[in-house]
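The values are calculated or read from the model by the stated rules, or taken from the named source; none is laboratory data. Given the structure is predicted, the values throughout are model-derived calculations rather than measurements. Glycine also receives a Cβ, built like all others from the backbone with ideal geometry; neighbour counts cover every protein chain displayed.
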Amino acid sequence: MTRSSTALRTLAVTSAALLAAATAPTTAQAKPEPKAPKEFVALNDVAPTIIQEMRYLTPHNFVGEPIDGYKKPMCILTEDAAKGLQRAQRQLLKKGYSLKVYDCYRPQRAVNHFVEWAKDLEDERMKAEFYPRVEKNRLFADGYIAEKSGHSRGSTVDLTVVKLPAQPTRPYVPGEELVDCAAPQDERFPDNSVDMGTGFDCFDTLSHTLDPRIKGEQKANRLLLKDTLEAEGFSNLPEEWWHYTYKPETFPGTFFDFPVERRSLTPGRR
């Protein structure tokens, strides 16, 4: 074969390859993240004095690692729920207290993360703190884990009360020795909230809001939270002293999956 023939063949092969590349199906682009409806807002824009300690962005939770869908340490809620918390905060500030939120809107992907973790019966790294008296294979049957959560509708919030001035809370150190969430307040992981009888996300019947074993100051603190929020339109989940839903819900039948971050909100909603 002559040198010119070789060159022509090379050119033909190259041209064919380029044509094939041009006509081949384009590699699928990353699917854009869903956005929040315009009814959602950042709580900090509505009630900036409410303390935020967003637990699921951190490894200090019952799973033991940051949860899918939490990209920024912020509370997102429907505007009605956020304004309800704003009113409740005004009442508590008059008494020398502040609300503190642990979790607000929760993406469906985070709920899915919980479900997959619950199915892995070998992973009990956080059991000693969050569910020391519950066998992991009972978490679904006992109602601690479910495939859907009211948080994903945007009007449910997990929260507590803090005495002002708020004291700093030390960060959790992964791998540190865990303490039973129902232990006395001065023994369990430090939290700057008032004593509610258990820590947040404690999988135990002692977390039931009106459990008769909770007495004195602990009971008074739970009732302070309950009475303040119910007066502003919130309803408590009886099994969890920290869990409240604003009624009527803005989206009573929709479970959203946009990530927790500022860019999920409609421009202009800040």
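Before moving on, here are some points about what is shown:
- Some residue of the stretch 245-254 being over 22 Å from Leu93 (Cα atoms), in contact with a Gly (Cβ under 8 Å, 6 or more places away or on another chain) and among the hydrophobic types (A, V, I, L, M, F, W, C): yes
- Whenever a residue of the stretch 122-134 is hydrophobic (A, V, I, L, M, F, W, C), its partners that are buried (at least 17 other Cβ atoms within 10 Å of the Cβ) and at pLDDT 95 or above, lying with C-beta atoms within less than 6 angstrom and at least six residues away or across chains, give the pairs Met126/Phe62; Met126/Gly64; Ala128/Leu178; Phe130/Phe62; Phe130/Cys181; Phe130/Asp201; Phe130/Phe203; Val134/Phe203.
- Filter result for Thr169 (surrounded by fewer than 17 Cβ atoms within 10 Å (Cβ to Cβ), of a type in the set (Ser, Thr, Tyr) and under 30 Å from Gly216 (Cβ atoms)): yes
- Residue match in the stretch 71-79 (condition: under 21 Å from Asp204 (Cβ atoms) and either at pLDDT below 95 or out of contact with any Leu (no Cβ under 7 Å at 6 or more places or on another chain) (or both)): no
- Taken over the stretch 150-184, the residue count meeting the criterion of being in a loop (DSSP other than H, G, I, E, B) and either out of contact with any Ser or Thr (no Cβ under 7 Å at 6 or more places or on another chain) or more than 30 Å from Thr254 (Cα to Cα) (or both) is 21.
- The set of residues in the stretch 38-64 that are touching a residue at least 60 places away in the same chain (Cβ under 8 Å), in a loop (DSSP other than H, G, I, E, B) and surrounded by fewer than 16 Cβ atoms within 10 Å (Cβ to Cβ) contains only Lys38.
- Evaluation of Leu93 against (1) in a helix (DSSP H, G or I); (2) closer than 22 Å to Thr169 by Cα; (3) touching a helix residue (DSSP H, G or I) at 6+ places or on another chain (Cβ under 9 Å) (one fails), failing number: (3)
- Screening Ser149 against (1) of a type in the set (Ser, Thr, Tyr); (2) at pLDDT 95 or above; (3) farther than 20 Å from Thr209 by Cβ leaves a single unmet condition, (3).
- Residue match in the stretch 166-183 (condition: at pLDDT 95 or above, of a type in the set (S, T, N, Q) and under 22 Å from Glu53 (Cα atoms)): no
- Residues being crowded, with 19+ Cβ neighbours inside 10 Å and within 20 Å of Leu92 (Cα to Cα) - total across the stretch 201-219: 2
- Test: Gln86 is in contact with a helix residue (DSSP H, G or I) (Cβ under 9 Å, 6 or more places away or on another chain), modelled with pLDDT of 95 or more, under 25 Å from Pro165 (Cα atoms) and not aliphatic (A, V, I, L, M): yes
- Flag if Glu187 is surrounded by fewer than 18 Cβ atoms within 10 Å (Cβ to Cβ) and either part of a loop (DSSP other than H, G, I, E, B) or under 21 Å from the mean Cα position of the chain (by Cα) (or both): yes
- Test set (1) crowded, with 17+ Cβ neighbours inside 10 Å; (2) more than 15 Å from Val157 (Cα to Cα); (3) touching a residue at least 40 places away in the same chain (Cβ under 8 Å) - Asp257 fails condition number: (1)
- Residue count for the stretch 96-144 under the criterion of being assigned to a strand (DSSP E or B) and under 25 Å from Ala36 (Cα atoms): the result is 5.
- Only one of Leu99, Leu139 that is in contact with a strand residue (DSSP E or B) (Cβ under 8 Å, 6 or more places away or on another chain) and crowded, with 21+ Cβ neighbours inside 10 Å: Leu99
- Any chance Arg222 is part of a loop (DSSP other than H, G, I, E, B) and modelled with pLDDT of 95 or more: no
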